Amino acid sequence: MPTNCAAAGCATTYDKHINISFHRFPLDPKRRKEWIRLLRRKNFVPGKHTFLCSKHFEASCFDLTGQTRRLKMDAVPTIFDFCTHLKSMKLKSRNLLKKNNNCTPKGPSNLKPNISSQQVLLEHSYAFRNPMEAKKRIIKLEKEIASLRKKMKTCLQKERRATRRWIKAACLVKNLETNNILPKGTSEHILPTALSSLPLEDFKILEQDPQDKTLPIL
């Protein structure tokens, strides 16, 4: 059970009546190292029962979908009240950075300063927060592509069946005209122009074409 917060200058202690949660340091070495760096405690090594309270995390770091408040996998502590000498060190580093920026050559630039990471994320909505989110999106798109290919194949099969039926019907009409069962010129009124102009021999060749054996013929 946590007793107090490991952040420097934080006097928060565990109290079940206060809506403050305590969180262990992550087991992942890379994230654990990042937490320690942000904590700014010299020679600090967190133990098994070392905690940080929820005051040091932004609201976006928490997953509130369950019954308990949990940290997201990429959450890092960013809210601290460091002592005076640490703040002065931070101020010196900022002044040094500002001085270096003044030494850069001036020129036209389309880059906008002071753009927050949230704004960048919104403007580049195609970006993903983590590899798992990208993998899920790829799997979803692959399923959609497979479904569209299946629909396209079905449409092509229907088109080929319809074409074969037209050829069969045209051949029948031509035969009836040849045997004087139907009056001459009937095919010109019944069939499309592209089919009515073809001779009967061409329809017989198309009808006996072995390339489309799988398609039913009326």
Filter the stretch 26-47 for residues that are closer than 26 Å to K16 by Cβ and in contact with a Phe, Trp or Tyr (Cβ under 9 Å, 6 or more places away or on another chain) and give the result.
P26, W35, L39, P46, G47
So how many residues does the stretch 23-49 have that are within 21 Å of A59 (Cα to Cα), open to solvent by 30 Å² or more (accessible area, probe 1.4 Å) and touching a strand residue (DSSP E or B) at 6+ places or on another chain (Cβ under 9 Å)?
1
Only residues that are of a type outside the set (G, A, S) and in contact (Cβ under 8 Å) with a residue 12 or more places away in the chain: list them for the stretch 49-67, please.
H49, T50, F51, L52, C53, K55, H56, F57, E58, C61, F62
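The values are calculated or read from the model by the stated rules, or taken from the named source; none is laboratory data. Everything numeric in this text was worked out from a predicted model, so none of it was measured. Methodologically, a virtual Cβ is constructed for each residue, glycine included, from the backbone with ideal geometry; neighbour enumeration extends over all protein chains shown. Note: areas computed on protein heavy atoms with side chains; ligands, DNA, RNA excluded. Shrake-Rupley method; radii C 1.70, N 1.55, O 1.52, S 1.80 Å.
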